[in-house]
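The block underneath contains the structure these notes are about, expressed in structure tokens.
The values are calculated or read from the model by the stated rules, or taken from the named source; none is laboratory data. Model, not experiment: these values are computed from the prediction. Here the Cβ is made from the backbone with ideal geometry for all residues, glycine too, and neighbour counts use every protein chain on show. Surface areas here come from the heavy atoms of the whole protein model, side chains and all, with no ligands, DNA or RNA. Shrake-Rupley method; radii C 1.70, N 1.55, O 1.52, S 1.80 Å.
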Amino acid sequence: MTHASFSEENNKALSILGTHVIETSASLCSLQKDIDTSSKELNNLILEICKVESSCAVDGTRLGLQKVIRVSPKTDPSNPTVVCGAFRAVFGAIAIDSGNTDEAGKIFWSIHSG
């Protein structure tokens, strides 16, 4: 995994895709449970799941992503923003490799809920 601080060839695009995979999966799961969920409730759920410090960085650190992401010497690989970006990129990569976002969403929930 490569952070933007290390190289122009990095995982930023995969991180963006991963963010959308996570948001879509959270929306789908929420609306499947309660189709009458308000847009405010749905937005709050998405914001909570996508929080850097309390959600994706925690999950990414649990996976040990801070140990494998390449960063510049001036960048701390355990910084929550760096770990969160790497965590999101994983799901972008899974979506690309599997050819669909559903598989990436399932894996996200198995990690996030685990």
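Miscellaneous remarks
- Segment 72-114: number of residues that are within 16 Å of LEU14 (Cα to Cα), more than 12 Å from the chain's Cα centre (by Cα) and among the β-branched types (Val, Ile, Thr): 2
- Matching residues, segment 81-114, being out of contact with any helix residue (DSSP H, G or I) (no Cβ under 9 Å at 6 or more places or on another chain) and part of a helix (DSSP H, G or I): SER110
- Across segment 64-78, the number of residues qualifying as open to solvent by 40 Å² or more (accessible area, probe 1.4 Å) and either under 22 Å from GLU23 (Cβ atoms) or hydroxyl-bearing (Ser, Thr, Tyr) (or both) comes to 1.
- Scope segment 2-42; condition surrounded by 13 or more Cβ atoms within 10 Å (Cβ to Cβ) and polar (S, T, N, Q); matching residues: THR2, SER5, ASN10, ASN11, SER15, THR19, THR24, SER25, SER27, SER30, THR37
- The numbered conditions (1) over 14 Å from ALA4 (Cβ atoms); (2) not in a loop (DSSP other than H, G, I, E, B) are all true for SER78 except (2).
- Positions within segment 70-105 being small (Gly, Ala, Ser) and touching a residue at least 12 places away in the same chain (Cβ under 8 Å), in sequence order: SER72, SER78, GLY85, ALA86, ALA89, GLY92, ALA93, ALA95, ALA104, GLY105
- Where a residue in segment 5-25 is over 14 Å from ILE94 (Cα atoms) and its partner, wherever it lies, is charged (D, E, K, R) and assigned to a loop (DSSP other than H, G, I, E, B), with Cβ under 9 Å and at least six apart: SER5/LYS74
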